Ligand SMILES: Cc1cc2nc3c(=O)[nH]c(=O)nc-3n(C[C@H](O)[C@H](O)[C@H](O)COP(=O)(O)OP(=O)(O)OC[C@H]3O[C@@H](n4cnc5c(N)ncnc54)[C@H](O)[C@@H]3O)c2cc1C
């Protein structure tokens, strides 16, 4: 039987596009390499705006997040509150979230096959052949394989995004201890003596916490060093590392940059496979779902017009640039330059926090970095309009050191 659309990959991107297209009455097959309920290495923090796609039930979202803590070696803890309906976020296990999204897609009429690793995709004149444990045919295919589908992507002549590496483990601990040690806040650690190009985090769930590190060249030794650092070691005294599929410590890559051409005749590429993650805090769930929504819109139009040619699907790229790049990722990449390529990471975090403390507008923009209540473009403009105050907090020497990366950022 030929499908209208086959989606390769059942993460947030794949499940979202599958549901939207099936709701239009089209014939959709979702192929996922993992088994149902597979563990996914992810901190599982999402902003409230993820609910724009569909409400996330309590139980799937384990903890409502109402603030954050930034930590640097010099300043220690810099806390902020992000209360209010729009500002809050959720922390959850991706196993539950991804299963919930795939079930929603299934309920919308999508045929779902777990433990199905797609080996090859062949684009023919009138159809696409998708090959794995079985062969299927469809009119169009969406690649939603995250970073795990690099070989498949290359075989189709599609670029693979550049990426950084992450190492993470989940620590089980009683809810009361999670409340006491972490509260309803996400913790981001900036310590260049541990990781010179990246961050570490603690994201609390109900009775567990995800602890991880990420960055360029990050390995398990960075993770071990973070666990031994004073700030986190004390907090984990009552925690026990959890085991998933026989493994305690997990490593996974995260993309750094969007690819240039995420479509071909009869193919679109979404989510991490397309490099849509946001390399400030390295979150990518919302962005994967957003790219999925845009790909769904383009697919439905192409289906109506019976035209899955490159020109028709190039509309997806135009929408991505308009909805995700121009207002968001372009400015994310600017922030990324300043933060991670200036040797001023800790100074910048401390100066921005001090500025936010004296300026309510900057505090709102700082919170928006986490909550997504302002676009990255608005946050950048807010920072730039406060540049003299920022220079005051950074000091003249550090501000001068920032100039080369600022110039690079402004060229993006
Ligand atoms: C350690 C870590 C922490 C993170 N923390 C956060 C966070 O707190 N918040 C946030 O928003 N983002 C976070 N991210 C990023 C987030 O996980 C990704 O951006 C998001 O999962 C992208 O969704 P996706 O659907 O594009 O890809 P994925 O979620 O990676 O899903 C891709 C799916 O495709 C399947 N697949 C791959 N190849 C094949 C194949 N050949 N055939 C069939 N199936 C295949 C995989 O099994 C997988 O299930 C984190 C990432 C890491 C590594």
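With respect to (1) within 11 Å of the ligand (Cβ to nearest atom); (2) part of a loop (DSSP other than H, G, I, E, B), the lone exception for residue 85 is condition (1).
For the range 136-158, the tally of residues that are surrounded by fewer than 19 Cβ atoms within 10 Å (Cβ to Cβ) and more than 9 Å from the ligand (Cβ to nearest atom) stands at 5. Of the conditions (1) more than 20 Å from residue 144 (Cα to Cα); (2) surrounded by 24 or more Cβ atoms within 10 Å (Cβ to Cβ), residue 10 clears all except one; give me its number. Going through (1) more than 20 Å from residue 144 (Cα to Cα); (2) surrounded by 24 or more Cβ atoms within 10 Å (Cβ to Cβ) one by one, residue 10 breaks only (1).
If you take the residues of the range 188-208 that are closer than 11 Å to residue 63 by Cβ, within 18 Å of the chain's Cα centre (by Cα) and in a strand (DSSP E or B), which of them is farthest from the ligand (Cβ to nearest atom)? Among those that are closer than 11 Å to residue 63 by Cβ, within 18 Å of the chain's Cα centre (by Cα) and in a strand (DSSP E or B), it is 204. Of all residues in the range 9-37, those that are at pLDDT below 95 and either near the ligand (Cβ under 6 Å from one of its atoms) or part of a helix (DSSP H, G or I) (or both) total 0. Is one or more of the residues making up the range 317-337 over 30 Å from residue 295 (Cα atoms) and either over 20 Å from the mean Cα position of the chain (by Cα) or not in a loop (DSSP other than H, G, I, E, B) (or both)? No: the range 317-337 contains no residue that is over 30 Å from residue 295 (Cα atoms) and either over 20 Å from the mean Cα position of the chain (by Cα) or not in a loop (DSSP other than H, G, I, E, B) (or both). A search for C-beta distances below 6 Å between a residue of the range 237-255 that is on the phi < 0 side of the Ramachandran plot and any residue that is in a strand (DSSP E or B) and away from the ligand (no atom under 16 Å from the Cβ), counting only pairs 6+ apart in sequence or on different chains, returns 240/172; 242/172.
For the range 120-127, indicate whether the set of residues that are touching a residue at least 24 places away in the same chain (Cβ under 8 Å) and touching a helix residue (DSSP H, G or I) at 6+ places or on another chain (Cβ under 8 Å) is non-empty.
Initial filter on the range 120-127 (touching a residue at least 24 places away in the same chain (Cβ under 8 Å)): 120-121, 123, 127.
Then drop every residue that is not touching a helix residue (DSSP H, G or I) at 6+ places or on another chain (Cβ under 8 Å), which leaves 120-121.
Scanning the range 120-127 turns up at least one residue that is touching a residue at least 24 places away in the same chain (Cβ under 8 Å) and touching a helix residue (DSSP H, G or I) at 6+ places or on another chain (Cβ under 8 Å).
Residue count for the range 47-70, restricted to those that are within 12 Å of the ligand (Cβ to nearest atom) and modelled with pLDDT under 90: 3. Among the numbered conditions (1) under 19 Å from residue 81 (Cα atoms); (2) under 28 Å from the mean Cα position of the chain (by Cα), tell me where residue 383 comes up short. The single condition residue 383 does not satisfy is (1). Would you check which residues across the range 247-289 are away from the ligand (no atom under 11 Å from the Cβ) and either surrounded by 24 or more Cβ atoms within 10 Å (Cβ to Cβ) or over 22 Å from residue 222 (Cα atoms) (or both) and list them? Of everything in the range 247-289, those that are away from the ligand (no atom under 11 Å from the Cβ) and either surrounded by 24 or more Cβ atoms within 10 Å (Cβ to Cβ) or over 22 Å from residue 222 (Cα atoms) (or both) turn out to be 257, 258, 259, 260, 261, 262, 263, 264, 265, 266, 267, 268.
For the range 222-246, the set of residues classified as in a loop (DSSP other than H, G, I, E, B) and more than 13 Å from the ligand (Cβ to nearest atom) consists of 229, 237, 238, 239, 242, 243, 246, listed by residue number.
The values are calculated or read from the model by the stated rules, or taken from the named source; none is laboratory data. A quick note: this is a predicted structure, and the numbers were derived from the prediction, not measured. Positions of Cβ are backbone-derived with ideal geometry, glycine not excepted, and every protein chain shown enters the neighbour counts.
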